[in-house]
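The values are calculated or read from the model by the stated rules, or taken from the named source; none is laboratory data. Bear in mind that the values here come from a model prediction, so they are computed numbers and not experimental data. When we count neighbours, we look across all protein chains shown, and the Cβ atoms used for this are built from the backbone with ideal geometry, even at glycine. Keep in mind that these areas ignore ligands, DNA and RNA; they rest on the heavy atoms of the full protein, side chains included. Shrake-Rupley method; radii C 1.70, N 1.55, O 1.52, S 1.80 Å.
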Amino acid sequence: MVQLAPGPAMDEVTFRSDTVLSDVHLYTPNHRHLMVRLNSVGQPVFLSQFKLLWSRDSWTDSGAEGGDHQDAHAEEPRPAGTGSTGSPPGGGHRREGFSLQAGADSTGQEGAGAQLDEDGDLDVVRRPRAASDLHPPGPPRDKVHPMILAQEEDDDMGDEAHEDSPHSIIKIEHTMATPLEDVGKQVWRGALLLADYILFQRDLFQGCTVLELGAGTGLVSIIAATMARTVYCTDVGADLLAMCQRNIALNSHLAATAGGIVKVKELDWLKDDLCTDPEVPFSWSEEEISDLYDHTTILFAAEVFYDDDLTDAVFKTLSRLAHRLKNACTAILSVEKRLNFTLRHLDVTCEAYDHFRSCLHALEKLADSRLRFVVEPVETSFPQHLIYERIRQLELWKIIAEPIK
């Protein structure tokens, strides 16, 4: 009789080699992931909650000392989305956020000779987990053990969901791992950074009509709706937009308090015109298109710059919209500078980020008889209201479309 080797535990996540992993959901300390359903393409959908830290006393001035916020919220209960080790869209497995802290961990090894293995290669000895610092500078990285619900339920987060005011909790349905083409179904650090900026610049969004490009799960649009009058939350793909619509419904009380409206719509960067076919889900009405062009003053996008062709399409869409809008507009873009080793260069490069910067430069040089574009970086030292790892590679850029007089 052949005895089979024990298989992996059913509650442990396994991934294929071509899987893209979420920034903020692969590792989360002491928090449950609830799988509520399978989507239309068979991917497991999880429900997580993000806590908004409204008290300014909970945070130091984020980024003032190199962008490290972790010691400022050591006593805060941690929602889903605190840590990250996932592979970015279009990239491989990354750990830049931890390499920034390597200096503090290596002081005890100064002067030690290099250890070589039997082939003469450098033998890297990793510190055991048990020997880690009692008070590490970053959040702990516990292995994910998602809890699977027997059936889809409206709210099964347990007593945790009722410990705080509903206005301090955002519930988001998301996936934890997808193929590259479905990365919009995950939550990325850049979305949390942009959400923090919106919360910091409340007056900029107050009572405005705003448009999000590539909204994904809709988290940033939900935050914007706590201040804006109307939020057009756009992306492509019926399954993704349905998930986004569900997240809007899960958090409708946040927008209702401020009187904001969130409209989930399809906006394809590869097409010049908006879809108005009433038979197509999430299409536009003529009234909505008129409202969009007549009143929109702010556009924003988070973490959509992972593919060069799509990046080109985003900038063409921004330019096209800016020329069609009745009012002058400002675009806020978040991006993470991701480092990847490429066989073509045999070196670590930032190709997607470099292409993004080249597009910014090209847009700034673009001018016609009506508009010119002013591009400037945004300082990211504003306070942090969501718990995530604000690493130095996270950037915000502002594009101002100014009329030429």
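Being surrounded by fewer than 21 Cβ atoms within 10 Å (Cβ to Cβ), touching a Phe, Trp or Tyr at 6+ places or on another chain (Cβ under 7 Å), closer than 22 Å to THR297 by Cα and touching a residue at least 60 places away in the same chain (Cβ under 8 Å) is a condition met by no residue of segment 243-263.
Filter segment 38-57 for residues that are open to solvent by less than 60 Å² (accessible area, probe 1.4 Å), at pLDDT 60 or above and either over 29 Å from ILE198 (Cβ atoms) or assigned to a loop (DSSP other than H, G, I, E, B) (or both) and give the result. Answer for segment 38-57, where residues must be open to solvent by less than 60 Å² (accessible area, probe 1.4 Å), at pLDDT 60 or above and either over 29 Å from ILE198 (Cβ atoms) or assigned to a loop (DSSP other than H, G, I, E, B) (or both): ASN39, GLY42, GLN43, PRO44, LEU52, LEU53. Contact map, segment 174-191: first residue farther than 15 Å from ASP239 by Cα and modelled with pLDDT under 90, second residue among the aromatic types (Phe, Trp, Tyr) and open to solvent by 10 Å² or more (accessible area, probe 1.4 Å), Cβ cut-off under 7 Å, separation 6 or more or different chains; pairs are MET176/PHE46; ALA177/PHE15. Being open to solvent by 20 Å² or more (accessible area, probe 1.4 Å), in contact with a Gly (Cβ under 6 Å, 6 or more places away or on another chain) and of a type in the set (D, E, K, R) is a description that applies to ARG338. Taking the criterion of being buried (at least 17 other Cβ atoms within 10 Å of the Cβ), under 25 Å from VAL36 (Cβ atoms) and touching a helix residue (DSSP H, G or I) at 6+ places or on another chain (Cβ under 6 Å), would at least one residue in segment 266-274 satisfy it? Taking every residue of segment 266-274 in turn, none turns out to be buried (at least 17 other Cβ atoms within 10 Å of the Cβ), under 25 Å from VAL36 (Cβ atoms) and touching a helix residue (DSSP H, G or I) at 6+ places or on another chain (Cβ under 6 Å).
Check whether at least one residue in segment 207-220 is without any contact (Cβ under 8 Å) to a residue 60 or more places away in the chain, on the phi < 0 side of the Ramachandran plot, in a helix (DSSP H, G or I) and under 20 Å from the mean Cα position of the chain (by Cα), and report yes or no. No, the conditions are met nowhere in segment 207-220.
Does segment 182-199 include one or more residues that are under 18 Å from LEU292 (Cα atoms) and open to solvent by 20 Å² or more (accessible area, probe 1.4 Å)? No, that holds for no residue.
Here is a yes/no grid of residues against (1) without any contact (Cβ under 8 Å) to a residue 40 or more places away in the chain; (2) in a strand (DSSP E or B); (3) loosely packed, with under 15 Cβ neighbours inside 10 Å; (4) not acidic (Asp, Glu):
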position	(1), (2), (3), (4)
ILE298	no, yes, no, yes
ASP309	yes, no, yes, no
THR330	no, yes, no, yes
LEU333	no, yes, no, yes
CYS359	no, no, no, yes
VAL375	yes, yes, no, yes
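In summary, ALA352 fulfils each of the numbered conditions (1) part of a strand (DSSP E or B); (2) touching a Gly at 6+ places or on another chain (Cβ under 8 Å); (3) of a type outside the set (Lys, Arg) with the single exception of condition (1). Inspect segment 219-237 for any residue being open to solvent by 10 Å² or more (accessible area, probe 1.4 Å), modelled with pLDDT of 95 or more and aromatic (Phe, Trp, Tyr) and give the result as yes or no. Checked segment 219-237: no residue is open to solvent by 10 Å² or more (accessible area, probe 1.4 Å), modelled with pLDDT of 95 or more and aromatic (Phe, Trp, Tyr). When segment 377-405 is filtered for residues that are open to solvent by 40 Å² or more (accessible area, probe 1.4 Å) and assigned to a loop (DSSP other than H, G, I, E, B), the ones remaining, listed by number, are GLU379, ARG392, ILE404, LYS405.
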